[in-house]
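Please read the structure below before turning to the comments.
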Amino acid sequence: MINVRTYFMALLAVCISGTCAADTFHATACEGIYPRHLQGICTNDKDAIYWCWTDFLVKTDTDGRVLQKVPVANHHGDLCFHAGRVYVATNLAKFNRPAGEADSWVYVYDGDTLAEITKHRVPEVVHGAGGMAYNDGKFILVGGLPPAVNENYAYEYDESFRFVKRHVIASGYTLMGIQTIAQADGAWWFGCYGKPAVLLRADDKFQFTGQWEFNASVGIAPISGGRFLIAQNIPVKGKGHSAQVLIAKPDLKAGMVIEK
């Protein structure tokens, strides 16, 4: 039996040493300026943030200092981390078109070096793979959507990228579908474009449970304490794009609220 006092004393010692998980991730900016805008973020749940810039993949420390940077195929989208690897939803053809015009893939990279390991074709994501997350033994992909289609889709794959099922999200139409995805505490969160941008939520069975005016369309990643990193793309006139992450927490009325 675990000695409760010993456990909490050990946890306190970890926090005092500066490695408490609750303090690992914080608001910060990614070092550098990139040609195209940010598409998504994820973390390794420990000491690194991964930023996908459409045609560059970047790994930083928690303060945004670049550790690794590699060019990648256009268009790399939202990404996730699992078992030491980074997985990126990628479309090499057209988005938001009828079936047959996309070329959807998942590219896989080493989480330390960002060396490409392999890639998997995911043709079931027929409107263009744009985002992905991992949870409980499955990968979920999201992506584009043709105009006037009044529902979104989440495509489920096993760990070998064998297609399992397409889930329907009864959200109504969102501009260009879903851009980013994260799972935490039994809920799926989806960042979407729009004027204004919107945030969708579904339960663990993809039953639609809410929509709010909140911009998580270029990155959402769960961290400790029920909080999230929310990415913001920042255009730099004449040069390209930079980005930052802020801390947010779920809110019943607003969907998410940025912590001050």
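How about the range 11-26: which of its residues are at pLDDT 50 or above and either part of a loop (DSSP other than H, G, I, E, B) or closer than 15 Å to Val66 by Cα (or both)?
Within the range 11-26, Phe25, His26 meet the criteria.
Looking at the range 133-142, is at least one residue more than 16 Å from Asn91 (Cβ to Cβ), of a type in the set (S, T, N, Q) and surrounded by 13 or more Cβ atoms within 10 Å (Cβ to Cβ)?
yes
From the set of residues in the range 210-225 that are open to solvent by 30 Å² or more (accessible area, probe 1.4 Å) and under 16 Å from the mean Cα position of the chain (by Cα), which is nearest to Leu38 (Cα to Cα)?
By that ranking, first place goes to Asn215.
Give the residues of the range 30-64 that are over 18 Å from Tyr87 (Cβ atoms) and out of contact with any Cys (no Cβ under 9 Å at 6 or more places or on another chain), sorted by residue number.
Passing the criteria: Cys30, Glu31, Gly32, Ile33, Tyr34, Pro35, Arg36, His37, Asp47, Asp61, Thr62, Asp63.
Going through the range 84-96 one residue at a time, which ones are buried (at least 20 other Cβ atoms within 10 Å of the Cβ), of a type outside the set (Ser, Thr, Tyr) and under 17 Å from the mean Cα position of the chain (by Cα)?
Val86, Val88, Ala89, Asn91
Across the range 47-83, what is the number of residues that are more than 16 Å from Ala115 (Cβ to Cβ), loosely packed, with under 15 Cβ neighbours inside 10 Å and free of Cβ contacts under 8 Å to residues at least 24 places away in the same chain?
Here the count works out to 2.
Regarding Ala184, is this residue of a type outside the set (Asp, Glu) and modelled with pLDDT under 95?
no
Which of the residues that make up the range 149-174 are open to solvent by less than 70 Å² (accessible area, probe 1.4 Å), within 20 Å of Lys119 (Cα to Cα) and either part of a strand (DSSP E or B) or in contact with an Asp or Glu (Cβ under 9 Å, 6 or more places away or on another chain) (or both)?
Ala154, Tyr155, Glu156, Tyr157 - these are the residues of the range 149-174 that are open to solvent by less than 70 Å² (accessible area, probe 1.4 Å), within 20 Å of Lys119 (Cα to Cα) and either part of a strand (DSSP E or B) or in contact with an Asp or Glu (Cβ under 9 Å, 6 or more places away or on another chain) (or both).
Kindly evaluate Gly177 against the criterion of being buried (at least 17 other Cβ atoms within 10 Å of the Cβ) and in a loop (DSSP other than H, G, I, E, B). Write out each step before concluding.
Values: buried (at least 17 other Cβ atoms within 10 Å of the Cβ): yes; in a loop (DSSP other than H, G, I, E, B): yes.
Yes, satisfied.
Looking at the range 191-208, which of its residues are in a strand (DSSP E or B), in contact with a Phe, Trp or Tyr (Cβ under 9 Å, 6 or more places away or on another chain) and closer than 13 Å to Asn152 by Cβ?
Result: Gly191, Val198, Leu199, Leu200, Arg201, Ala202.
The values are calculated or read from the model by the stated rules, or taken from the named source; none is laboratory data. Keep in mind that what you see is a predicted model, and the values were worked out from it rather than measured. With ideal geometry, Cβ positions are generated from the backbone for all residues, glycine too; neighbour counts draw on all protein chains shown. To get the accessible areas, we keep the full protein, side chains included, count just its heavy atoms, and leave off ligands, DNA and RNA. Shrake-Rupley method; radii C 1.70, N 1.55, O 1.52, S 1.80 Å.
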